[in-house]
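The values are calculated or read from the model by the stated rules, or taken from the named source; none is laboratory data. Just so we're clear, the structure is a prediction, and the values are computed from it rather than from any experiment. Virtual Cβ from ideal backbone geometry, glycine too; neighbours counted across all protein chains shown.
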Amino acid sequence: MSLLWVDKYRPKDLSTLDYHTQQAQELKNLVEHGDFPHLLVYGPSGAGKKTRIMCILKELFGTGVERLKSENITVTTPSNKKVEIMTINSNYHIEINPSDAGIYDRVVVMDLIKKIAQSQQIAITNNQREFKVVVLTEVDNLTKDAQHALRRTMEKYSRNCRLILCATSLSPIIPAIQSRCLPIRVPAPTIEEISTIISKICKKEDTAIPATLIEKISKSVNGNLRRAILICEACKVENNLQPNRELPEPDWKVFIKQTATIITHRQSIENIMVVREHLYELLASGIPPEIIFKELITALVLKCDKQIIPQVLQEASTYEYRMWQGNKHIVHMEAFVVKFMCLYQRHLKDLLKDF
Amino acid sequence: MQAFLKMGKLGEPSASPSTSGAPKKKTKNLPWVEKYRPKTVEDVVEQREAVSVLQQCILGADLPNLLFYGPPGTGKTSTILAAARQLFGDLYKERILELNASDERGIQVIREKIKTFSQLTANSSRADGKLCPALKIVILDEADAMTHAAQAALRRTMEKETKTTRFCLLCNYVSRIIEPLTSRCTKFRFKPLNQSFVLERLQEICQVEDVLINDDILNVLVKESGGDMRRAITALQSCANLKGKGSHITLENVYEVLTVVPSKWVNSFWDLCKKPSDIKEIIQFIDDLEQQAYPIQKVYEHLNDFLMDSENIDDRLKSEIGEKLAESSFRSSCGRGDFTNLLDFAVHTQEILTEPLERRRMQALENAKFTTILGLS
Ligand SMILES: Nc1ncnc2c1ncn2[C@@H]1O[C@H](COP(=O)(O)OP(=O)(O)O)[C@@H](O)[C@H]1O
Ligand SMILES: [Mg+2]
C-alpha cells in the first residue's frame, strides 16, 4: 500500500519537526521536566497542530502511542439517550472530537474524562507516567456548558489525566479554561518554510521539480502545509511539473465563488432556491460553516459597491452570530443570503433612480 | 515575607503558629501558586483593609461573615485560607469547607453539605492544647455564579447556622450578589495588585527556584499579567519549565505563555481602520493575522486602549467605535466568527471616521424604513 506523501513524511518526533523548532525544543524540555501541564494547542488548519501533538505524546510515552485503534464508545445522557462517538486511542491516550456529539458534548466530555481518570494504567512498564492524556479536538466548537463542565473536570481529575486541547481560534474558549492550560501557538509555516519542506519531500521521492513551481505552490496555499504537499503529489501523479502549469483550487472554494456570482447575478426566488441547494451541498461535504461564511462574504464583498459594504458586513455578522446561537446552520446562512439580495437589489435601484 | 518563602521551599514546620499541615512529599511538583501562597495574613500584600480587620479577628478569636470581591488572582482565597490557618492552627483543614458555587448543580447539594458540615462539633482547643475558636468556616468560591434563587436559599442557611459557622463568600462581581446576602457580610474589595508588589514577589520566587530572567523581561511579564498574581506566577513557572534549568527566559517565552499580540500587528490594523483603505487590503490583513494565530480577543483589548488614548478622535465618534468594538468582541466570543466580526469592525470604524455624521444618520434612517421584501423580477 502506498501512503500519501502527507502521511509518509509526517514527522514523528519533536526533534524532527521542520519548523517552529525552538518551540519543539521547549516542548521537549517541558516533557523532561516531569510536571506536565494541560496544553491548549491553537492555530489555523493545516499548520501542523495534530502532528505536533502526536510528537508530544510520543515524547511522553514512547512508541506505544503509535499503536492506534479506533473505537466507538457509547455515552448515556441523563435523559437516557444513547450517544455514540468515535475515538482514536492507544494505551496511553484517547482522542475525540466532542462536537461530534452536538448538544450532548457536555455529557460526553465529562463521562469520558471520568472513565479515563478512574481506569488505572494496565500495562505497567518502567518509567510509566502517572497520567493518561485526553486529546480533545475542535474545542472552539464546544458549547459553553461543556466548557464549564470541562473546567471542573480538569481540576478534579488532574492527578491521573492530562488534557491536550486543540483549537483554531481562542475567541470562543472561556477564560477559565485558557488560564488552566499552557497555550501553545502554532502559526502557519511561512512560504519559505513550506518551500523547503516540499523540496525535501520531492528529493526523497526522486522527483525533479522546478524551483518556480515549488514557490508557486507554496504561495498558493495560504499557509496550509497539508494542502501544499497534496498539490505537489497531485502534480507528480498527473505527470505535469511544468513551472507555468495551473494549480488546482479547492473544489469547494470554486463552488462558493460560483454561489456568490449567482447571488449577485439576479435576486429572485428561483435563485434563492439554487443557492439553498449549494449551501446544502457544501455543508453535506463537511465544509465547516465558518469557512463557508468567510469565503462567501469575501466573494460577495468584493462584488459590492463600497457604499453598501458596511451594512452588508453588519448583517453578515448578525446572521453568523445567530447561527452560532442556534443549531441549524443552514437556516441562518439562507437568511443572510436573502438579506444580502435585498440590500443589493435596493442599491441597484437607487443607482438607477439617479439616472 | 522572607520567612514564608523559606518555609515554603523547605516545607519545614516553623515556630510560628502558621505551621503548614500540607503533605511534604509532593512539594517538588506542587504548582508555584500553591507553594507560594501566603501562610499568614501578614504575608498578603496590598489588601490592607481586609488584612488589618482579619488581624483583629484573629486576636479576638472570632470572625464576622465575610464577602471578598475583586478580580482573579488578587488574594481572596489566600487571605481567608491564611486566616483560617492562624485561627485554627493544625486543625484548619477540618474547620473549613471549601465549596465552589458553580461546582455542584443546584443549591440543594450545597445546602446539604453545609448542613452536615455545620453539625460537626468544633472543640475550642487544639491538639497542642492551645485554645482556638469553636467555629467552622464555609468558603463559597465563585458566589456570583449562583442564581438569585440559590442565593436566597443560602441566606436562610446562613441564619440557621450562625452559632457555629461563619461564611466567607468570594466573587469577582459584588453586583451579582443579592442585597440580603451582602448586608449580612463584612465586605472587602480586593484591588488588582500594584505591579511593584507583583514584581517583588516574582523576584523572590526567581531566587528560590533558580529562574534566570532579566529584569526588563520580568517587568513585561508583570505588566502583561495585569495585576493578577496567579497569572504572573503561573506564567513564570511555565516559562521556567519550557526553558529547563540553566537557560534564560526570553521575551518570546513570556509573550507566548501570556498570549500577547505583538504591538506592530495591532498598530498596523488600527492604521488600516483609520484611513479609507481598500477592502481587499483589510481582508488580506485579517487573513495574515489568522495565519499567525494571534488571539483576536487580545487584538480587541489593544484596540480599545488605542481608541481610549487617541486624542484626535472626537468623543462622540469614540463612543460609536467603542460600541462597535464591544459588539464585535462579544460576538467573537460566542462562536467562530472572528473573520466576519473583525472585518465588520474595521469597515465600520473606517466609515465612522471618514463619513460625515449627518450622512450616516440619514443612512441609518433609510435602513430602518427598509423592510426585507425582495422585489421579484
Ligand atoms: N495579595 C496577595 N499577596 C500575596 N500573594 C498573592 C496575593 N494575591 C494573590 N497572591 C498569589 O496568587 C495566587 C492566587 O491567589 P488567590 O488568593 O487564589 O486569588 P483569588 O483572589 O483569585 O482567590 C496565590 O498563590 C498567591 O500566592
Ligand atoms: Mg480564588
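A few points about this structure:
- Members of the range B:28-44 that are at pLDDT below 90 and either more than 14 Å from B:R230 (Cβ to Cβ) or away from ligand 2 (no atom under 16 Å from the Cβ) (or both): B:K28, B:N29, B:L30
- Within the range B:123-139, one or more residues are within 13 Å of ligand 1 (Cβ to nearest atom) and at pLDDT 90 or above.
- One residue from A:T207, A:T264 being surrounded by 13 or more Cβ atoms within 10 Å (Cβ to Cβ) and in a loop (DSSP other than H, G, I, E, B): A:T207
- Looking across the range A:282-297 at every residue that is in a helix (DSSP H, G or I) and more than 7 Å from every other protein chain (Cβ to nearest Cβ), the one that is surrounded by the most Cβ atoms within 10 Å (Cβ to Cβ) is identified as A:L296.
- Residues that are more than 8 Å from ligand 1 (Cβ to nearest atom) and within 14 Å of chain A (Cβ to nearest Cβ) within the range B:70-98 comprise just one, B:E98.
- Matching residues in the range A:170-200 - criterion: being buried (at least 19 other Cβ atoms within 10 Å of the Cβ), among the β-branched types (V, I, T) and outside any loop (DSSP other than H, G, I, E, B): A:I177, A:I184, A:I194, A:I197, A:I198
- The residue list A:L300, A:L279 contains one member that is of a type in the set (A, V, I, L, M), more than 21 Å from B:E290 (Cβ to Cβ) and buried (at least 16 other Cβ atoms within 10 Å of the Cβ), which is A:L279.
- Those helices (runs of 4 or more DSSP H) of the range B:267-377 in which 3 or more residues are at pLDDT 95 or above occupy B:279-292, B:296-309, B:315-332, B:338-354.
- Taken residue by residue, the range B:241-249 has at least one member that is surrounded by fewer than 20 Cβ atoms within 10 Å (Cβ to Cβ) and either at pLDDT 95 or above or touching a Pro at 6+ places or on another chain (Cβ under 8 Å) (or both).
- Enumerated helices (runs of 4 or more DSSP H) restricted to the range A:1-108, each holding at least 2 residues that are touching a helix residue (DSSP H, G or I) at 6+ places or on another chain (Cβ under 6 Å) and under 24 Å from A:M154 (Cβ atoms): A:21-33, A:49-61
- Unique residue being within 9 Å of chain A (Cβ to nearest Cβ), surrounded by 18 or more Cβ atoms within 10 Å (Cβ to Cβ) and hydrophobic (A, V, I, L, M, F, W, C) when the list is B:L289, B:L307, B:L258, B:L272: B:L258
- Filter pass, B:T234 being more than 11 Å from chain A (Cβ to nearest Cβ), surrounded by 17 or more Cβ atoms within 10 Å (Cβ to Cβ) and part of a helix (DSSP H, G or I): no
- Matching residues, the range B:61-87, being of a type in the set (D, E, K, R) and more than 10 Å from ligand 2 (Cβ to nearest atom): B:D62, B:R85
- Residue list for the range A:215-226, filter: within 14 Å of chain B (Cβ to nearest Cβ) and either touching a strand residue (DSSP E or B) at 6+ places or on another chain (Cβ under 8 Å) or crowded, with 19+ Cβ neighbours inside 10 Å (or both): A:S218, A:V221, A:G223, A:N224, A:L225
- Flag for B:R201 being surrounded by fewer than 18 Cβ atoms within 10 Å (Cβ to Cβ) and not in a strand (DSSP E or B): no
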